[in-house]
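Here the structure is laid out as structure tokens; the discussion comes afterwards.
The values are calculated or read from the model by the stated rules, or taken from the named source; none is laboratory data. This one's a predicted model, so the numbers in the text were calculated from it and none came from an experiment. Here the Cβ is made from the backbone with ideal geometry for all residues, glycine too, and neighbour counts use every protein chain on show. Calculation scope for accessible area: heavy atoms of the full protein, side chains included, ligands and nucleic acids excluded. Shrake-Rupley method; radii C 1.70, N 1.55, O 1.52, S 1.80 Å.
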Amino acid sequence: MVELSASEALRLGVEAHKKGDERTAELYYLAILKTDPSNADANHNVGVLRLSRGQNLDALAYFEKALDTNNSVQQFWISVIDTLLKLERYNDALEKINLAQKHGLSDAQITYYRDKIEPNLNITEKNRLKSNKHANILQSIKLDHAFSLAQKKMRDGYTEEARSIYKDIIEKFPKNK
């Protein structure tokens, strides 16, 4: 029997997956996970296969394992959030969205998911969602950097973005001239 490296097995699994041979693809992915249970790509790909068969809870477990291993891959966040929405676990999805935002998920994606979730939340959760929609920029950068960024936005013609930064500054420092 020929032993394959994890990267070679992953390549063969993806190849089989693309050809529609899900059974072979899953065998490769599971073989990787047998020797390396935290392999993010193999976990994610098994999740994709399980999700396609309607095994949503099982898929979620694989997606979360991939995300736990590597939270810098945007697709892992999207897969977890999409699956939570399929499972109608809106509170959990909202928590993941808030975490994903801190890990670089785009504002457009954040807004898209919040808009999908909002109609399914109760009033308390809706209020929390509204308060989290726009975090003050000063939570992530220093005041002098915020001023510089706002000035650059103005110079580059992004007046609405500059206005938003200035609003954040005034909100935090109302007496700032």
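A few remarks follow.
- Residue in the range 43-50 that is over 25 Å from Tyr112 (Cα atoms) and out of contact with any strand residue (DSSP E or B) (no Cβ under 9 Å at 6 or more places or on another chain) present: yes
Results for (1) in contact with a Phe, Trp or Tyr (Cβ under 7 Å, 6 or more places away or on another chain); (2) farther than 20 Å from Ile97 by Cα; (3) among the aliphatic types (A, V, I, L, M), shown as yes or no for each residue.
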residue	(1), (2), (3)
Ala6	no, yes, yes
Arg11	no, yes, no
Val14	no, yes, yes
Ala31	no, yes, yes
Ser38	no, yes, no
Arg53	no, yes, no
Tyr62	no, no, no
Thr69	no, no, no
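- Residues in the range 24-49 that are out of contact with any Leu (no Cβ under 9 Å at 6 or more places or on another chain), farther than 13 Å from Ala9 by Cβ and not hydroxyl-bearing (Ser, Thr, Tyr) were compared, and the one that is least open to solvent (accessible area, probe 1.4 Å) is Leu49.
- The range 60-75, residues that are open to solvent by less than 70 Å² (accessible area, probe 1.4 Å) and within 19 Å of Tyr113 (Cα to Cα): Leu60, Phe63, Glu64, Leu67, Asn71, Val73, Gln74
- Checking each residue in the range 100-114 for being exposed (fewer than 13 other Cβ atoms within 10 Å of the Cβ) and either β-branched (Val, Ile, Thr) or in contact (Cβ under 8 Å) with a residue 40 or more places away in the chain (or both) picks out only Thr111.
- Filter pass, Ser106 being within 20 Å of the chain's Cα centre (by Cα), under 30 Å from Asp82 (Cβ atoms), among the small types (Gly, Ala, Ser) and at pLDDT 80 or above: yes
- Selection status of Ser7, under 24 Å from Glu95 (Cβ atoms) and either part of a helix (DSSP H, G or I) or open to solvent by 10 Å² or more (accessible area, probe 1.4 Å) (or both): no
- Contacts under 9 angstrom Cβ, first residue in the range 48-68 being among the basic types (Lys, Arg), partner surrounded by fewer than 15 Cβ atoms within 10 Å (Cβ to Cβ) and not in a helix (DSSP H, G or I), 6 or more apart: Lys65/Pro37; Lys65/Ser38
- Qualifying residue in the range 92-99 (condition: closer than 24 Å to Ser52 by Cα, modelled with pLDDT of 80 or more and charged (D, E, K, R)): yes
- Among the residues of the range 16-30, those identified as within 25 Å of the chain's Cα centre (by Cα) and without any contact (Cβ under 8 Å) to a residue 24 or more places away in the chain are Lys18, Glu26, Tyr29, Leu30.
- When Val2 is tested against (1) outside any helix (DSSP H, G or I); (2) β-branched (Val, Ile, Thr); (3) at pLDDT 95 or above, just one condition goes unmet, and that condition is (3).
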